[in-house]
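The values are calculated or read from the model by the stated rules, or taken from the named source; none is laboratory data. Everything quoted here is computed from the prediction, not taken from an experiment. Positions of Cβ are backbone-derived with ideal geometry, glycine not excepted, and every protein chain shown enters the neighbour counts. Please note that ligands, DNA and RNA were not included when accessible areas were found on the heavy atoms of the full protein model with its side chains. Shrake-Rupley method; radii C 1.70, N 1.55, O 1.52, S 1.80 Å.
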Amino acid sequence: MAAYKHHAFSSFIILMLFPLLLQFQFGKSELQLNYYSESCPKAEEIIKQEVTKLYYEHGNTAVSWLRNLFHDCFGCDASLLLESVNGIESEKESGRSFGMRNFKYVNTIKKALENECPSTVSCADVVALSARDGIVMLGGPHIEMKTGRRDSKESYAKIVEEFIPNHNDSLSSVLSRFQSVGIDVEGTVALLGAHSVGRVHCVNLVHRLYPTVDPTLDPDYAEYLKGRCPTPIPDPKAVQYSRNDRETPMILDNNYYKNLLKNKGLLIVDQELASDPATLPFVQKMASDNDYFNEQFSRAALLLSEYNPLSGDQGEVRKDCQYVNTN
């Protein structure tokens, strides 16, 4: 990852991360399609089988795989998966990871791979390919993803909040962050379509409902949300949430954009997509053409999945996705 800390720490962070940035840059070109064709020919099929099996046992895992891609692929090195141990502070403890779950099932996939090809397939590739296959399980497009990523030996918990957009960042901030990794406005609008699946905890909604309702919210929709989130101070540990899309909550489709045009966006950034002149034309086009949404989503997700990974001799291939190797 790269870092943009506030002024007092900017020089320190840049110096600290400069060697890592160079590694990322030189590693990018080494990703390739069918990277494991010789070392582990069944790797991609094993991942697909495990993702499918987990989906039918725990349907929300498919949403988790998609979210993992967004949170890990500002570097694509599986640093997200590391636990807090031996001086490592887990990125999962960051506020940006609030509500994320099903990490344990990543290791379910990894164990199946280890049984077939020990110490061969990286956790970073598991993150990318499980997202690819999870998108399909959610009714989205199939995306041909390259592989050959390597796993980080460290966490970036102390700086992760400088990379991952917050639930309620402004649209300009979100556009800027994605632009920094090479994703244009059209692609960013498409990636935010991932909000068509899953749910948002009331913690990230109540500021639009209390003490007064955000005037950009459809009044009837606001009343529904108040029913889901009846108190202005929700318990972060309670199961209090609203689905991103009430009509097709587990299908990755363009209904998200249709809702935005009806003032039914859950997060601030969602609704701003439909009011900003730079993004509104894309929202309108995606709302009317699901194929166009799929095309742009695929393009942008592919760019994200290939952004500055470790590869070649960098990093390692973890045996357990939660911990760096001990040797």
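Tabulated data for the structure shown
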quantity	calculated
Net charge contributed by nearby residues that have their C-beta within less than 10 Å of Lys153 (K/R +1, D/E -1)	-2
Nearest 10 degrees, 0 to 90: helix 123-137 Cα axis against the chain principal axis	40
In Hz, Karplus ³J(HN,Hα) per residue of segment 221-227 (6.51, -1.76, 1.60; θ = phi - 60°; x = Gly, Pro)	5, 4, 5, 4, 5, 5, x
Solvent-accessible ranking of His207, His195, largest area first, probe 1.4 Å	His207, His195
Segment 32-129: GluC sites (Glu not before Pro) in DSSP coil with no more than 14 other Cβ atoms inside 10 Å	Glu38
Sequence-distant residues sharing a close amide H with Arg150 (under 5 Å, placed H)	Leu310, Ser311
Percent accessible area from carbon and sulfur atoms, the chain, protein chains only, probe 1.4 Å	52
Per-residue SASA entry for Cys76, accessible area with 1.4 Å probe, Å² rounded to 10	0
Per residue, in Å², the accessible surface of the chain once ligands and nucleic acids are set aside, probe 1.4 Å	45
Segment 27-87 and segment 146-178: distance between their alpha carbon centers, rounded to Å	16
Rounded accessible area of Lys262 (nearest 10 Å², 1.4 Å probe)	120
Label assignment, volume of the Cα convex hull per residue in Å³ derived from the structure, set (i) 138; (ii) 161; (iii) 228	(i)
For segment 254-272 and segment 100-134, distance of Cα centres in Å	33
Total charge dipole magnitude, segment 42-163, about the Cα centre, Cβ charges on Lys, Arg, Asp, Glu only, Debye to nearest 20	180
Farthest toward positive dipole pole in segment 157-230 [+1 Lys/Arg, -1 Asp/Glu at C-beta], among Leu192, Asn204, Ala222	Asn204
Amide H partners (placed H, <5 Å) of Arg199, local residues excluded	Asn244
Dipole magnitude of the chain about its Cα centre (Cβ charges: Lys, Arg +1; Asp, Glu -1), debye to nearest 20	560
Positive-end extreme of charge dipole, the chain - chosen from Ser119, Leu81, His142 (charges on Cβ)	Leu81
